[in-house]
Every structure is written in C-alpha cells, then in structure tokens.
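Engineer: Could you have a look at this structure, given as structure tokens, before my questions?
Only the coordinates and a few stated rules stand behind these numbers; no lab work does. All values derive from a computational prediction rather than experimental measurement. Here the Cβ is made from the backbone with ideal geometry for all residues, glycine too, and neighbour counts use every protein chain on show.
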Amino acid sequence: SASPLTHTSRSLVYMSSRVSLVCVAVCALVCVASCENFDAKRTHLIDHDPTYKNFLFRGNQPTAVDSNNHEYVVWNEWMETIAHAATNASLMLPQDFDFLDLSFEIAIANGKEMKTEEDFFAANSSLGTYLDWIIVGDITNPQKVDPKVRHDLAKYLGDWQVDKLVERVPALYKMVHSQHSKPLVIYVHCEAGVDRTGEFSGSYYMQFLKWTFQQALTFDNYVGGRPIKDLSLHALTWYCWFLNETTGSPTDCDWAPPSTL
C-alpha cells in the first residue's frame with residue numbers, strides 16, 4: 001500500500017537521503033588521510049543473552065597499519081579486548097563461539113579497511129564472518145522540522161530512512177536473543193566507533209535497554225570523548241522520535257547538550 005507521507009514530508013525525505021550520501025562522500029575525501037587504528041578503549045558490551053550465551057559489542061575499526069604501510073586485522077588484540085569488555089561486565093565469553101564482524105562502513109569512505117576485513121575472513125573463515133550494513137546518517141535535523149511534519153516522518157521512518165534502523169535494530173536484537181548452533185559473538189563498528197556506531201548502538205539502547213535519549217547520547221559521546229557528528233546525531237534523534245510516536249518512549253527526544261544541536 002502507498003505510504004501515507006504528505007507531499008511536504010516526501011520532499012524532505014528525498015532531499016535528506018541524497019544529501020546524506022553526498023555528505024558521506026565529501027567526508028570520505030576529507031578523512032582519507034586520517035584512518036583510525038584499533039582503539040581498545042572504545043570497545044564496550046552492549047547486550048548479552050544469559051541463556052544462549054550470545055554477546056553484542058561495539059567498537060571501532062579492528063585494523064592497524066604497520067611500518068610498511070600495510071593494513072592488517074589485529075585479531076589477537078581484538079579478541080583479548082572483547083574478552084576484557086565481557087569481564088568488566090562480570091561475564092565470561094564462551095570457550096567456543098561463532099563470531100560476526102558487522103561493519104557500518106561505506107566503500108567510498110572506508111573501502112581499504114573494508115577489503116582488509118573481507119580478505120581476512122575469506123582467508124580465515126573458521127574465525128568468523130564479515131557483514132556490512134551501510135550507515136550514512138541523516139542531514140535533516142528533526143529538531144528543526146515543523147512538529148506536524150516531524151510527526152509524519154517519524155511515525156513512518158521505516159518507509160524512508162536510508163540506514164534502515166527500523167528494520168535492522170530489531171533484527172540485531174533477535175540475533176542476540178536467539179539460539180544458534182554455537183553461541184554467537186557480534187562486534188559492530190564503523191571507523192572511529194563513535195558516530196555511525198553511536199547512531200546504531202544508541203538506537204538499540206533506547207529500544208531494547210529502555211535508556212532515555214539523554215542516556216544513550218551521553219554514553220555515545222563518552223565513548224569517543226567528543227559529541228557524535230551531526231549526520232549520526234540526526235539519525236539517532238529521528239529514531240528516538242520514531243520510538244516515541246510508536247511506543248510512547250523515550251519522552252526526551254528534544255533533549256540535547258547545547259554543544260551538539
């Protein structure tokens with residue numbers, strides 16, 4: 001059936017989705033020379049299932065560059081860091097598990113890093129699987145949209161948002177809380193582990209851990225030691241309004257530190 005979005009809402013959606021992709025492309029050109037190496041301090045447990053022993057972690061790009069400018073996956077440090085993050089939550093990883101490396105990167109910005117991970121798991125398939133869910137964020141700040149239009153767009157977010165949060169956040173929750181042939185350990189990341197990862201993780205926090213928007217955004221900002229960037233912040237805020245429209249909570253979607261909106 002046709003989406004009930006108004007003409008004004010449709011126009012805003014069209015502009016937002018395309019400008020977001022353009023912004024990502026521009027950011028890629030700016031950031032090519034400043035690739036992030038793996039930073040253990042950005043690895044945190046998001047969720048786990050005590051029955052099936054599944055775990056969900058967030059972090060940043062699990063690669064580094066050696067003295068010969070060769071990029072490689074820091075497998076041993078990566079696994080040690082994940083185990084340490086579980087221990088910090090008074091939990092222990094199962095001895096035998098399947099591993100999913102879930103990337104939020106986009107080829108135009110992170111093609112080299114993505115290929116490094118893809119090649120690693122292609123050559124070491126017994127260690128895990130690589131999957132990419134592209135995240136770009138949203139150029140439109142919902143706090144600056146007319147409330148009537150925002151209501152329309154938020155309620156039907158799944159019809160237009162490029163990042164498919166309405167579909168993918170619950171899909172990830174289902175993966176964490178389902179039985180598999182072995183316990184499943186999932187690591188989600190972008191390059192810095194702050195912006196696109198913060199957008200997705202913050203959405204998960206609000207929907208399934210019942211955090212407020214303020215709690216989710218404050219933690220996202222804490223992980224990187226800085227506010228998450230506008231594109232990711234806008235998408236996270238849209239998801240808050242979607243949850244508010246469809247479930248009644250969070251109720252603080254209009255909260256934001258003065259320095260971030």
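Engineer: Using only the Cα atoms of region 152-233, build the gyration tensor, take square roots of its eigenvalues as a ≥ b ≥ c, and label the shape rounded, prolate or oblate: rounded if a/c is under 1.5, else prolate if a/b is larger than b/c, else oblate.
Structural biologist: Judged from the Cα gyration tensor, region 152-233 comes out oblate (a/c at least 1.5, b/c at or above a/b).
Engineer: From the backbone phi of region 167-175, what are the Karplus-calculated ³J(HN,Hα) couplings (6.51 cos²θ - 1.76 cosθ + 1.60, θ = phi - 60°) in whole Hz, Gly and Pro given as x?
Structural biologist: For region 167-175, the Karplus curve yields 8, 7, 4, x, 5, 5, 4, 5, 4 Hz.
Engineer: Could you order the peptides 231-237, 116-122 from most to least packed, using the average number of other C-beta atoms within 10 Å per residue?
Structural biologist: Taking the mean over residues of other Cβ atoms within 10 Å, the ranking is 231-237, 116-122.
Engineer: Right, something else. What are the semi-axes of the equivalent ellipsoid for region 36-172, taken as the square roots of 5 times the Cα gyration tensor eigenvalues, largest first, in whole Å?
Structural biologist: For region 36-172, the semi-axes come out at 31, 21, 14 Å.
Engineer: Select from 187, 121, 151 the residue farthest towards the positive end of the dipole of region 109-198; place +1 on Cβ of Lys and Arg, -1 on Cβ of Asp and Glu, and compute about the Cα centre.
Structural biologist: 151
Engineer: Find the centroid of the Cα atoms in region 96-170 and in region 171-226, then give the distance between the two in whole Å.
Structural biologist: 11
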